[in-house]
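A.B. asks: Below you will find the structure I want to go over with you.
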Amino acid sequence: MNKQVALEMKQVSKYFGSLAANKNVDLTVYRGEILAILGENGCGKTTLMNMIAGIYYPDHGSIFVDGEEAIIRSPKDAFHHGIGMIHQHFKLVDIFTAAENIVLGVNDGKSYNIKEVNRRVGEIADKYGFHVDPKKKIYEMSVSEKQTVEILKVLYRGADILILDEPSAVLTPQETDRLFEILSRMREDGKSILIITHKLHEVMSISDRVAVLRKGEHIATVETASTSPAELTEMMVGKKVELNIDRPEPKNVTDRLEVKGLSLTNPEGIKVLDNISFVARSGEILGIAGIAGSGQKELLESIAGLSHPTTGEIIYNNPKTGTAENLRDKDPVAIRELGVRLSFVPEDRLGMGLVGNMDIVDNMMLRSYRKGHSMFVDRKKPRDLANRIVAELEVSTPNTHTPVRRLSGGNVQKVLVGREIAASPTVLMAAYPVRGLDINSSYTIYSLLTKQKENGVAVVFVGEDLDVLVEICDRILVLCAGRVTGILDGRTTTKEEIGLLMTKTEVKEESGNENG
Amino acid sequence: MKTANKPVSEPLVHVVKRDALPLWKSLLIRVLAVVAALLFCSLLSVLMIHANPFEFIDTMFDGSFGSSRRLWKFAKDAAVLLCISLAVTPAFRMRFWNIGAEGQTLIGALSAVAVMIYLGNKVPNGVLLILMFIASVTVGAIWGCIPAIFKAKWQTNETLFTLMMNYVATGLVAYFLLLWTPSGSSVLGELSVGHLPAIGHDYLLLIIAVLVLTVLLYIYLQYTKQGYEISVVGESENTARYIGINVNKVIIRTMLLSGALCGVAGFLIVGALDHSIATTTVGGMGFTAIMVSWMAKFNPLIMIGTSAFITFLDQGAAQITTNFDIDSAFPSMVVGIVLFFVIGCEFFIGYKPKFRQNIHKGGKA
């Protein structure tokens, strides 16, 4: 095999303050290969790629493209060197068509001719097997279609080195498979593909080689064929990690929360929740699966009293009094006053669950500051709680007076989950609780949730990693476009079955046809 | 390395984010900024008005500390500015950009004067003062909470709304001045009733009152449940909703407080200083207060320092105009330059510039 070097990084470092995001990284990328960049969150994967793509400029070291030193000061310079990056958050103009977005900002000296652009986009799409209509507007597209447009945008500009930042994070298993097929075709065409990920099974299935980063340093680059997930994990984390999650049999199961026929129309008039019914039981973990934006957020916020559903009921069976209360149309304070111990770990940790600029103590107070009749806040109990959580959950922080936004993602989440569990809930809802967390922190959170379940709490767990959902949940509810498309037994179901239900829109189309 | 000799177009400077600086370092940067600003201004004074730079800086200080009379004036002006700055602070902590302090203070002053005109000589002075205080605070609070109600109910833009309310207040004052001056001259002379008693010095009561208010507001914002709610709403409305804070209620309550404090400032201006009113009574302090509050990062105790600093600059500039017999444009420029340095140095507290390294490499080789 005649390998040709496409890109080389030599001793590249990048510092943010005193923190080394990347330290003396050496990396070689060949033509016609898929190189996976593997590492835990915060290990510097994205920073490293951003330096290749011209978002950041390295503090030390140099980058070579095709053997020549390349000074990449902006994404424009990157394109000049044939480098294009597909970011996790899409950068598209909603009201433009796919082709208009693709041609936006391209300055090739030719006059603007959308027909020609449409033709060329079609050509590229056919070459690699994309399914895309160049004339379709972005706001009419699904997430995976938008991603396709982002990839085409880069290819249209003639990129030979493509960087994809966690491309599968927003896709179903089926869509991921299709993307990987396309990537393979690009590899055959001689393109170099760098794919950032922390999912091991993806690395194993798609990549030729794997570069492992840990705490900003390049640990090793290995041939995928000659390694194993266990070995890779060990390189990522720096020590052996048990990747098993306990799933004890549920005990003393009773119906704690019954949601009946819940619908919600958002201010734009779109039905985001459509006739949702399910039961959350004490001593069980109920998983909620679905593509991002299928109504998960709205469902949890409706239960927590933050959104007000248009129809339906949310019945809470109080274990102490034995009474059933309807929580619908009650705000969080009213719900608390009913004696309902409902804890909620929202998706947006620093924007909703916590206040980023406040310290750990003041964040502990969020739930409890109202207690007592004094007009002054009592900071003693929150301080004790903060100290306890820092000690028990091993939060790494200089002290409890550090603003939480200065903590790493995993520590932020420990503070938030710790506070919510400290309220000794009977229902615990957690939305994407391990998003952005490293492996160790993720497993801490999983075991905390499992422990709550064993204590008889009804746990509702919205997740995105289906591998994890099928491992820890007792039952899994699948949402698709605001509807429940299935409630499965977590012990017998498979990823593939969930994936199919996540995109099951036939039900909707059928009813649409009946009306039409 | 071979490549070091090759001419490469690495950017000359790029900006790198800093970690949190220790307090002494950040203070040092600020002090250096003031020193650099004064040096720069001295240089300008040599070049533009041919003044001796030492004399120039000396005059700056002379303006505030030159005599006991100037010192008292400095303290009084700083206190009034501080009082209005305190008033805008609760709203700012809530990220409610109230730029209507000018109008809220003016309308508070107008209410006090109205009480003096209609009830003066009819009730004892003590009662009159209490009524003036109540009128100022109430009307100031109402003036402040009108934009808040509109913001809470219809999501109007508070910045525009509070700004517009300033003009309405000025218009109202102009109308009442016409009404109250028989000749139609619109110049209201000093009223003989409703004077706050002088203790020690004419201005001492005012200064003490404002300092007490500063401490009270600090305690309110830092240690009470309401102060905590203000911070939460300001940092994130979503978090406030999440824990069940009624955001609209907090917005309206806080603006009532903000307006009421402006009313207090108006009352103090009328009762302790002017004993009269004009459309220019507040004289732009409602806007300067915004800067005082921002520079102190919304901390009332630090605002004692920032309001004194701004007053010092103003007085110094005025002194320069007198002593050097020049147009007031030059001193205004000096004030602008100093503020530019002081505010600009915040950038260097958060970030540091990083210079091209190849230059150093080349130099050593």
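A.B. asks: Determine which single condition B:L339 fails, assuming it passes every other condition in (1) free of Cβ contacts under 8 Å to residues at least 24 places away in the same chain; (2) under 30 Å from B:L217 (Cα atoms).
C.D. replies: With respect to (1) free of Cβ contacts under 8 Å to residues at least 24 places away in the same chain; (2) under 30 Å from B:L217 (Cα atoms), B:L339 is out only on (1).
A.B. asks: Let me ask something else about it. Looking at region A:409-429, which of its residues are touching a helix residue (DSSP H, G or I) at 6+ places or on another chain (Cβ under 9 Å) and away from chain B (no Cβ under 14 Å)? Explain how you work it out, then say what you get.
C.D. replies: Initial filter on region A:409-429 (touching a helix residue (DSSP H, G or I) at 6+ places or on another chain (Cβ under 9 Å)): A:409-423, A:425, A:427-429.
The answer is A:G409, A:G410, A:N411, A:Q413, A:K414, A:V417, A:G418, A:I421, A:A422, A:P425, A:V427, A:L428.
A.B. asks: Among the residues of region B:203-216, is any more than 24 Å from the chain's Cα centre (by Cα), surrounded by 14 or more Cβ atoms within 10 Å (Cβ to Cβ) and of a type in the set (A, V, I, L, M, F, W, C)? If you could, list the steps in order and put the result at the bottom.
C.D. replies: So in region B:203-216, the residues more than 24 Å from the chain's Cα centre (by Cα) come out as none.
Scanning region B:203-216, I find no residue that is more than 24 Å from the chain's Cα centre (by Cα), surrounded by 14 or more Cβ atoms within 10 Å (Cβ to Cβ) and of a type in the set (A, V, I, L, M, F, W, C), so the answer is no.
A.B. asks: If you don't mind, there's one more thing I want to ask. Give the residues of region A:68-89 that are more than 30 Å from the chain's Cα centre (by Cα) and within 12 Å of chain B (Cβ to nearest Cβ), sorted by residue number.
C.D. replies: Selection gives A:E68, A:E69, A:A70, A:I71.
A.B. asks: Exactly one condition in (1) away from chain B (no Cβ under 12 Å); (2) modelled with pLDDT under 90 is not met by A:V29; state its number.
C.D. replies: (2)
A.B. asks: Would you point out the residue of region B:238-293, among those that are among the small types (G, A, S) and within 14 Å of another protein chain (Cβ to nearest Cβ), that is farthest from B:L86 (Cα to Cα)?
C.D. replies: B:G244
A.B. asks: Go over the candidates A:E116, A:E181 one by one and state the one that is over 26 Å from the mean Cα position of the chain (by Cα), in a helix (DSSP H, G or I) and surrounded by fewer than 19 Cβ atoms within 10 Å (Cβ to Cβ).
C.D. replies: On the way: A:E181 fails: over 26 Å from the mean Cα position of the chain (by Cα).
Sole residue among the options that is over 26 Å from the mean Cα position of the chain (by Cα), in a helix (DSSP H, G or I) and surrounded by fewer than 19 Cβ atoms within 10 Å (Cβ to Cβ): A:E116.
A.B. asks: If I filter region A:214-234 for residues that are among the acidic types (D, E) and within 20 Å of the chain's Cα centre (by Cα), do I get at least one hit?
C.D. replies: Within region A:214-234, not a single residue is among the acidic types (D, E) and within 20 Å of the chain's Cα centre (by Cα).
A.B. asks: Of A:L385, A:L393, A:L306, which residue is hydrophobic (A, V, I, L, M, F, W, C) and within 14 Å of chain B (Cβ to nearest Cβ)?
C.D. replies: Checking each option against the conditions leaves just A:L306.
A.B. asks: Give me the residue from region B:217-255 that is surrounded by 20 or more Cβ atoms within 10 Å (Cβ to Cβ) and of a type in the set (D, E) and, out of that set, farthest from the chain's Cα centre (by Cα).
C.D. replies: Checking each candidate, the answer is B:E229.
A.B. asks: Taking only pairs six or more apart or across chains, which ones have beta-carbon atoms under 7 Å, a first residue in region A:40-60 that is assigned by TED's automatic domain parsing to the domain that holds A:V212 and modelled with pLDDT of 90 or more, and a second residue that is polar (S, T, N, Q) and crowded, with 23+ Cβ neighbours inside 10 Å?
C.D. replies: A:L48/A:N22
A.B. asks: For region B:171-195, enumerate the residues that are surrounded by 19 or more Cβ atoms within 10 Å (Cβ to Cβ) and modelled with pLDDT of 90 or more.
C.D. replies: Answer for region B:171-195, where residues must be surrounded by 19 or more Cβ atoms within 10 Å (Cβ to Cβ) and modelled with pLDDT of 90 or more: B:V173, B:L177.
A.B. asks: Looking at region B:98-131 only, could you name the residues that are within 21 Å of B:I142 (Cβ to Cβ) and part of a loop (DSSP other than H, G, I, E, B)?
C.D. replies: B:N98, B:I99, B:G100
A.B. asks: Give me the residue from region B:62-97 that is touching a Gly at 6+ places or on another chain (Cβ under 7 Å) and more than 14 Å from B:G263 (Cα to Cα) and, out of that set, surrounded by the fewest Cβ atoms within 10 Å (Cβ to Cβ).
C.D. replies: B:R95
A.B. asks: Scan region A:371-378 and give yes if some residue there is touching a residue at least 40 places away in the same chain (Cβ under 8 Å), facing chain B (nearest Cβ under 10 Å) and touching a strand residue (DSSP E or B) at 6+ places or on another chain (Cβ under 9 Å), otherwise no.
C.D. replies: Among the residues of region A:371-378, not one is touching a residue at least 40 places away in the same chain (Cβ under 8 Å), facing chain B (nearest Cβ under 10 Å) and touching a strand residue (DSSP E or B) at 6+ places or on another chain (Cβ under 9 Å), which makes the answer no.
A.B. asks: Give me a count of the residues in region A:421-437 that are surrounded by fewer than 21 Cβ atoms within 10 Å (Cβ to Cβ) and not hydrophobic (A, V, I, L, M, F, W, C).
C.D. replies: 4
A.B. asks: Checking A:I193 against (1) part of a helix (DSSP H, G or I); (2) closer than 24 Å to A:R209 by Cα, which test does it fail?
C.D. replies: (1)
A.B. asks: Can I ask one more? Under 6 Å between Cβ atoms, which residue pairs at least 6 apart in sequence (or on different chains) link something in region A:435-455 that is under 19 Å from A:S168 (Cα atoms) with a partner that is assigned to a helix (DSSP H, G or I) and among the small types (G, A, S)?
C.D. replies: Correct list of pairs: A:G436/A:G409; A:L437/A:G409; A:L437/A:G410; A:D438/A:G410.
A.B. asks: Looking at region A:316-359 only, could you name the residues that are within 11 Å of chain B (Cβ to nearest Cβ), surrounded by fewer than 18 Cβ atoms within 10 Å (Cβ to Cβ) and assigned to a loop (DSSP other than H, G, I, E, B)?
C.D. replies: The answer is A:D331, A:D348, A:G356, A:N357.
A.B. asks: Looking at A:L466, A:L416, A:L488, A:L437, can you tell me which residue is under 20 Å from the mean Cα position of the chain (by Cα) and closer than 12 Å to A:I288 by Cα?
C.D. replies: On inspection, the qualifying residue turns out to be A:L466.
A.B. asks: Just to be sure before I move on: is A:I288 surrounded by 23 or more Cβ atoms within 10 Å (Cβ to Cβ) and either in the same structural domain as A:V484 (by TED's automatic domain parsing) or touching a Ser or Thr at 6+ places or on another chain (Cβ under 6 Å) (or both) in the structure I sent?
C.D. replies: When the stated conditions are applied, A:I288 passes them.
A.B. asks: Please enumerate the residues belonging to region A:201-254 that are of a type in the set (G, A, S), surrounded by 14 or more Cβ atoms within 10 Å (Cβ to Cβ) and either on the phi > 0 side of the Ramachandran plot or not assigned by TED's automatic domain parsing to the domain that holds A:L19 (or both).
C.D. replies: If the condition is that a residue be of a type in the set (G, A, S), surrounded by 14 or more Cβ atoms within 10 Å (Cβ to Cβ) and either on the phi > 0 side of the Ramachandran plot or not assigned by TED's automatic domain parsing to the domain that holds A:L19 (or both), then A:G216 is the only one that fits.
A.B. asks: Does A:G105 qualify as being surrounded by fewer than 18 Cβ atoms within 10 Å (Cβ to Cβ) and either modelled with pLDDT of 90 or more or over 22 Å from A:D189 (Cα atoms) (or both)? Don't jump to the end; show me each part of the working.
C.D. replies: Working: surrounded by fewer than 18 Cβ atoms within 10 Å (Cβ to Cβ): yes; either modelled with pLDDT of 90 or more or over 22 Å from A:D189 (Cα atoms) (or both): yes.
Answer is yes for this residue.
A.B. asks: Pick from region A:477-513 the residues that are of a type in the set (A, V, I, L, M) and either assigned to a helix (DSSP H, G or I) or touching a Phe, Trp or Tyr at 6+ places or on another chain (Cβ under 9 Å) (or both): which of them is modelled with the lowest pLDDT?
C.D. replies: Among those that are of a type in the set (A, V, I, L, M) and either assigned to a helix (DSSP H, G or I) or touching a Phe, Trp or Tyr at 6+ places or on another chain (Cβ under 9 Å) (or both), it is A:V507.
The values are calculated or read from the model by the stated rules, or taken from the named source; none is laboratory data. In this text, all values refer to a predicted model and were calculated from it rather than measured experimentally. Note that we place each Cβ from the backbone using ideal geometry, even for glycine, and neighbour counts take in every protein chain shown.
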